[in-house]
Every structure is written in C-alpha cells, then in structure tokens.
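*Asks:* Here's a structure for you.
Just so it is clear, none of the values below were taken in a lab; they were calculated from the coordinates. Values in this document were obtained by computation on a predicted structure and should not be read as measured data. Every residue, glycine among them, receives a Cβ derived from its backbone with ideal geometry; neighbour counts consider all protein chains shown.
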Amino acid sequence: MRELTKIVGLSRSTIYEKLNPESRYYDETFPKTVRLGAASVGWRSTSVDEWIASRSV
C-alpha cells in the first residue's frame with residue numbers, strides 16, 4: 001500500500017474509496033486488488049501502470 005500511494009499520488013483512504021462500489025468516489029477503472037494472504041492485498045504493477053496511462057490522456 002505504501003508503494004501504491006507513492007506511485008499514484010493518492011492517500012490510503014482515497015484508494016479504498018475508489019475501490020468501494022458504495023462510495024461516491026468509486027472508480028470502476030481503478031486497478032483491482034490481488035489477495036496475497038489472509039489479511040494482505042496487493043496490486044499488479046501492470047494494472048497500476050495502465051490505469052496511470054489512461055488517466056494521462
């Protein structure tokens with residue numbers, strides 16, 4: 001999560017808001033999480049890079 005916040009320039013809470021379908025800040029294009037363990041999630045770097053590229057257009 002620390003690395004993702006640095007890469008995308010968003011806070012942890014903003015990232016979770018973008019992932020929450022019930023939030024008014026939900027972004028269906030934001031990269032989905034990948035389960036790493038029982039209490040851990042991550043993001044594929046390719047998905048994050050593609051999302052950043054799509055936002056730059």
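*Asks:* How many residues does the range 37-57 hold that are surrounded by 10 or more Cβ atoms within 10 Å (Cβ to Cβ) and assigned to a loop (DSSP other than H, G, I, E, B)? Give the steps one after another, and end with the answer.
*Replies:* From the range 37-57, those surrounded by 10 or more Cβ atoms within 10 Å (Cβ to Cβ) are 40-45, 47-52, 55; that's our starting set.
Cutting the leftovers down to assigned to a loop (DSSP other than H, G, I, E, B) gives us 40, 43-44.
Within the range 37-57, residues that are surrounded by 10 or more Cβ atoms within 10 Å (Cβ to Cβ) and assigned to a loop (DSSP other than H, G, I, E, B) number 3.
*Asks:* Does the range 2-19 hold any residues that are closer than 12 Å to residue 48 by Cβ and assigned to a loop (DSSP other than H, G, I, E, B), and which are they?
*Replies:* Matches in the range 2-19: 9, 10.
*Asks:* In the range 18-57, what residues are acidic (Asp, Glu) and either touching a residue at least 40 places away in the same chain (Cβ under 8 Å) or within 20 Å of residue 6 (Cα to Cα) (or both)? Don't jump to the end; show me each part of the working.
*Replies:* We begin by selecting, within the range 18-57, every residue acidic (Asp, Glu); these are 22, 27-28, 49-50.
Those that are acidic (Asp, Glu) and either touching a residue at least 40 places away in the same chain (Cβ under 8 Å) or within 20 Å of residue 6 (Cα to Cα) (or both): 27, 49, 50.
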